[in-house]
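Down below is the structure, laid out as structure tokens.
The values are calculated or read from the model by the stated rules, or taken from the named source; none is laboratory data. Here the structure is a predicted model, which is why all the values come from computation and not from measurement. Virtual Cβ from ideal backbone geometry, glycine too; neighbours counted across all protein chains shown. SASA here: full protein model, heavy atoms, side chains in, ligands and nucleic acids out. Shrake-Rupley method; radii C 1.70, N 1.55, O 1.52, S 1.80 Å.
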Amino acid sequence: MKLKLYRVDAFTDKLFSGNPTAVCPLDKWLTDDLMRTIAAENCLSATAFYIKEGDNFHIRWFTPTLELDLNGNATLATAHVLVNHLGYSGTEINFNSRSGMLKVKKQDDKFTINFPADEYERVKNPAELSIALSARPMECYRGKADYMLVYGSEQEIVNLKPNFRTMAMVDSRGIIVTAPGSQTDFVSRFFAPHSGINEDYVTGSAHATLVPYWAQKLGKVNMSAMQLSSRKGYLNCTFIGERVELSGKAVTYLVGEIETE
């Protein structure tokens, strides 16, 4: 069986930056094991699979090791594929998902994703994180899926050199580290060795936690953000109460076919 596969760089306007993501359109669902195997073969932080459901779409996301509840870059990449490769002509795309209905709006050359805002609380920094990062944060929070560690400056985020083996012992999807930005409102990095990805390039879903925090901290609704991975990613963020909007661009790297048994 042959399946179409698209490779898209998300949250960027140029190739070889942002977050490389795979998108696999389906007529019907494959088995979970096969989707996980394809994601592992792609060896990317996320592979999106979707099917058509009436006027909407149903989307699922897999890392090389597990299925995710929410993923931003793969959602944006899927919207990009639908509009730029598969003839979708509407200005809004609705995705059913594990996290409920996600709406993506097409605005000029950008896509805006509407996410549920995360709920988080201040907690004690786990001992494993103190060892893994060797740099004490100013604050530590726990959201539904991730820890978020807040530092004082962008340079501190740049300088972090995690011990991923130790970090993988922390029971969470991932670890967000963040600080005020020098050229943007805030910056971040995202580590997820527990989920099979040491460092993600650009993590839309992490901003479901970051945006409410920085909106309250900075007293702003509209913010700019940069993820300080080796490929860097840029997001425009809006906090609208119980929801978060993330806007970004995407570019296609590859269009091809994959073989399955």
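Does Asn84 count as over 21 Å from Val221 (Cβ atoms), surrounded by fewer than 19 Cβ atoms within 10 Å (Cβ to Cβ) and not assigned by TED's automatic domain parsing to the domain that holds Phe49?
So Asn84 does not fit the description; no.
What are the residues in the range 81-103 that are assigned to a strand (DSSP E or B) and on the phi > 0 side of the Ramachandran plot, if any? Write out each step before concluding.
Here is the first cut: in the range 81-103, the ones assigned to a strand (DSSP E or B) are 92-97, 100-103.
Scanning the range 81-103 gives a single hit, Gly100.
Please work out which residue is nearest to Ala192 (Cα to Cα), limiting yourself to the range 31-84 and to residues that are modelled with pLDDT of 95 or more and hydroxyl-bearing (Ser, Thr, Tyr).
Thr47
Tell me the residue from Lys220, Lys232, Lys249 that is touching a Lys or Arg at 6+ places or on another chain (Cβ under 7 Å), charged (D, E, K, R) and surrounded by 14 or more Cβ atoms within 10 Å (Cβ to Cβ), please.
Lys249
If a residue has to be free of Cβ contacts under 8 Å to residues at least 60 places away in the same chain and open to solvent by less than 30 Å² (accessible area, probe 1.4 Å) to count, how many in the range 22-41 make the cut?
Total meeting the criteria: 5.
Could you check how many residues of the range 120-136 are outside any helix (DSSP H, G or I) and open to solvent by 70 Å² or more (accessible area, probe 1.4 Å)?
Qualifying residue count, the range 120-136: 5.
For the range 121-131, name all the residues that are over 13 Å from Asp171 (Cβ atoms) and touching a helix residue (DSSP H, G or I) at 6+ places or on another chain (Cβ under 7 Å).
Selection gives Ile131 alone.
Exactly one condition in (1) hydrophobic (A, V, I, L, M, F, W, C); (2) open to solvent by less than 20 Å² (accessible area, probe 1.4 Å); (3) part of a helix (DSSP H, G or I) is false for Phe57; which is it?
(3)
Kindly establish whether Ser205 is of a type in the set (Ser, Thr, Tyr), farther than 21 Å from Val158 by Cα and either open to solvent by 50 Å² or more (accessible area, probe 1.4 Å) or not assigned by TED's automatic domain parsing to the domain that holds Thr63 (or both). Step through it out loud before you land on a result.
Numbers: of a type in the set (Ser, Thr, Tyr): yes; farther than 21 Å from Val158 by Cα: no; either open to solvent by 50 Å² or more (accessible area, probe 1.4 Å) or not assigned by TED's automatic domain parsing to the domain that holds Thr63 (or both): yes.
No.
Restricting to the range 209-250, what's the tally of residues that are among the aliphatic types (A, V, I, L, M) and touching a Gly at 6+ places or on another chain (Cβ under 8 Å)?
Residues flagged as among the aliphatic types (A, V, I, L, M) and touching a Gly at 6+ places or on another chain (Cβ under 8 Å) within the range 209-250 amount to 5.
Checking Asn163 against (1) polar (S, T, N, Q); (2) open to solvent by 10 Å² or more (accessible area, probe 1.4 Å); (3) touching a strand residue (DSSP E or B) at 6+ places or on another chain (Cβ under 9 Å): exactly one of these is not met. Which one?
(3)
Here is a yes/no grid of residues against (1) under 23 Å from Met226 (Cα atoms); (2) over 14 Å from the mean Cα position of the chain (by Cα); (3) in a helix (DSSP H, G or I):
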| position | (1), (2), (3) |
| --- | --- |
| Thr37 | no, yes, yes |
| Leu44 | yes, no, no |
| Thr65 | no, yes, no |
| Leu70 | yes, no, no |
| Leu76 | yes, no, yes |
| Asn114 | yes, no, no |
| Asp118 | yes, no, no |
